[in-house]
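The structure appears below as structure tokens.
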Amino acid sequence: MPAFNSAGGLERTIATLRRQTLPPLEIIVVDDGSTDATRAIAERARSRGYVDTVICHGTRCGRSAALNAAARFARGDLLLTADSDTLFAPTTLARMAAAFRERNVAAASCNIDVTNERDTLTTALQGLEYLMSFSAGRSFLDVIEAIACCSGACSMYRRDVFMRQGGLDVGPGEDLEFTLRLRRLGYTIRFVHNAWVTTAVPDNPVSLLRQRARWDRDALRVRSIMYGEFSLSHPRERLPNTLQRLDFIVLDLFPTLIFPFYLIYLVGLLGAKTPLFLASIYLLMLVISLFNIGLACILFNRRANCFSLAASLIFPLYQGIILKCARFATYTSEILFAASRHDDFVPPRVRRALFG
């Protein structure tokens, strides 16, 4: 568990790990150069026997370096990596570990619920988004073996595979990069839909857009530059890898890049009738969205509160317009200026070593 200035949630995370039906063999906390009480909390937990090992980095080295350091000390066959604000349902570890009964499975991720869903409209919209994208979307991708990214909030790996492949890349987008690396090596990646964790999400639009800009920049960089996923020629590529590439290109990248030009085309084609046409499309998308949200709530046993029901009325606007426009700006900045090289999620000295 890497922890950087995580004094607010570290104790609760450790407590939920210790209440698992399949207890962890050991808990290793890495204080990654925190300037708050994180180290003191971790050391106190170790003295009480709640944590087995505490590793302290004098200066911040980044999430990847923290996890790679902890992996060298780990003794178990499976590594669980988790953020320090992730809270675990009691059966999460047992259900994730069960996925590794298949010998070719090298990594697995779990389902994520939003802790602060009722705080603001921003968090309510993200709660719906997680339900649709994580719960429903990844469950479908798991069926066709097209999971592209094991979430940083909580993932599990075979330790021998993790160590043999050198651990996580220290650059941007490390969780996506390592998952794609394992896929290229022929391993299977699983999504365990009935293993649940909860995590807090950004509670205001500015923080949300900053987070999504980082995710989208990293995804474009890793997929296009590191793995060349936009190339038409991929000899001997397995069908699941082709499907996960097409999922990103056809359903994400291409629609995002043509979106502004499509709107301009509509205005030129329809003129004064454009608002009426867009309102009709929005109404149709709203009906489809409400049906999908209701179905997902039934399938994953999620209860919709009044706040989330109200948020669902503008969910198509949030997902189809706001996030798409933000993603267009992010993709454009990455294509033109390689903005991921300045990602502040990676410590400055690590960025200098990577990019000069």
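Quick notes on this structure:
- In terms of accessible area, using a 1.4 Å probe and ignoring ligands and nucleic acids, 207, 47 rank largest first as 47, 207.
- Distant-in-sequence amide H partners of residue 78 (H built 1.01 Å from N, under 5 Å): 159
- Relative intensity, log₁₀ I(q)/I(0), of the chain from a Debye sum that treats every alpha carbon as a point, q = 0.12 Å⁻¹: -0.96
- Value in Å of the Kirkwood radius, where region 38-142 supplies the Cα pairs that are averaged: 16.7
- Along each principal axis, Cα extent of region 146-215, largest first, Å: 40, 31, 21
- Amide hydrogen proximity for residue 37: with H placed 1.01 Å from N in the peptide plane, the residues at 5 or more positions away or on another chain lying under 5 Å are 7.
- Rolling a 1.4 Å probe across all protein chains gives residue 258 an accessible area of roughly 70 Å².
- Here is how the number arises for the chain: DSSP H runs of 4 or more residues each give -39500 (n - 2.57), the sum is divided by the residue count, and the result at 222 nm is -14500 deg cm²/dmol.
- The candidates 303, 245, 95, arranged from most to least accessible area with a 1.4 Å probe in the full protein assembly, appear as 303, 95, 245.
- These residues, 163, 132, go from largest to smallest accessible area, 1.4 Å probe, as 163, 132.
- Region 1-70: radius of gyration over Cα atoms, expressed as a fraction of 2.2 N^0.38 Å: 1.03
- The separation of region 106-183 from region 227-251, counted between C-alpha centres, amounts to 19 Å.
- Relative to the longest principal axis of the Cα atoms of the chain, the long axis of helix 121-130 makes an angle of roughly 80 degrees.
- Net charge dipole, the chain: roughly 480 debye, given to the nearest 20, about the Cα centre with Cβ charges of +1 for Lys and Arg and -1 for Asp and Glu.
- Nearest-10 value in Å² for the accessible area of residue 93, using the 1.4 Å probe: 10
- The separation of region 303-324 from region 64-100, counted between C-alpha centres, amounts to 32 Å.
The values are calculated or read from the model by the stated rules, or taken from the named source; none is laboratory data. What you see is a predicted model, and the numbers here were worked out from it, not measured in a lab. All Cβ positions, even for glycine, are placed from backbone atoms using ideal geometry, and neighbour counts span all protein chains on display. Heavy atoms of the whole protein, side chains included, go into the accessibility calculation; ligands, DNA and RNA do not. Shrake-Rupley method; radii C 1.70, N 1.55, O 1.52, S 1.80 Å.
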